[in-house]
Structure formats: structure tokens, C-alpha cells
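The values are calculated or read from the model by the stated rules, or taken from the named source; none is laboratory data. Everything numeric in this text was worked out from a predicted model, so none of it was measured. With ideal geometry, Cβ positions are generated from the backbone for all residues, glycine too; neighbour counts draw on all protein chains shown. Heads up: the accessible areas ignore ligands, DNA and RNA and are worked out on the full protein's heavy atoms, side chains in. Shrake-Rupley method; radii C 1.70, N 1.55, O 1.52, S 1.80 Å.
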Amino acid sequence: QVQLVESGGGLVQPGGSLRLSCAASGNIFTIYRMGWYRQAPGKQRELVAAMASGGGPNYADSVKGRFTISADNAKNTVYLQMNSLKPEDTAVYYCHVMSRLGAFWGQGTQVTVAS
């Protein structure tokens, strides 16, 4: 199994920034892809950004140029730096990993963009 613990959500004004963190533990050596999804009220969960082992990141069109996904392998942590936030970025953000043991999700962290 892989356990994921997210942190970093909160309330921010439009144009502001937040950084989300997702710390992985357990069978981390089985992970080959890590990413972030989000789900706004009344909407389906959607991919925000993801990166595969040895590969480059990919982003949803709506966040390109504003969000950056990165990883610190020494800390087994993946980050999502979110800049120039907009009200439409308001959602619960979930960390997600694909591993040889299957797919795993974090508990979610709320991001609210409002003035």
C-alpha cells in the first residue's frame, strides 16, 4: 500500500499563490506516476498536473503557465505550486499516485480563491 498525506490548502485572494504538498509513505518504490486532481462542487474530478518517473510533467490547459508540479525524491514528496490563482481554481485538490500495487488517493485539501 501507499499512504498519501496532503497539506497546504487554504483561502487565498485572486492573484495569490499557494503550494500544496503530498508526502508519500509505504511502498513508495512501486510508484511510477504522481499527480494532482481537483474536484469543484457539482463537477467531475479532473486532472490538474501529473508527472511520470523519467518523464516530463503534463498540465490541464486551464492551469498551464500558472501551476507547476515538482517532486523531492529524498522526501518522497510531490508539490503543486499554484500562482495567479483564480476563483475558478476553487476545489478540493487530491494527490494521486499510480503504482504497481494500484492507484492511491490522498484525503484531499480544500483550496478556496475568493476576495
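Spatial offset of the stretch 82-113 relative to the stretch 4-45 amounts to 3 Å, using the alpha carbon center of each. Annotation: peptides 32-39, 48-55, ranked by per-residue average of other Cβ atoms within 10 Å with the highest first, follow the order 32-39, 48-55.
Compared with the direct C-alpha span, the chain from N83 to W105 gains 5.6 nm at full extension, assuming 0.36 nm per residue. Given the chain, what whole percent of its Cα pairs are spread farther than 18 Å? Tail of P(r) above 18 Å: 45 percent of Cα pairs.
Ratio of alpha-carbon Rg to the 2.2 N^0.38 Å globular estimate for the stretch 47-115, to two decimals, please.
1.17
The accessible surface of the chain, taken with every protein chain in place and a 1.4 Å probe, is 50 percent carbon and sulfur.
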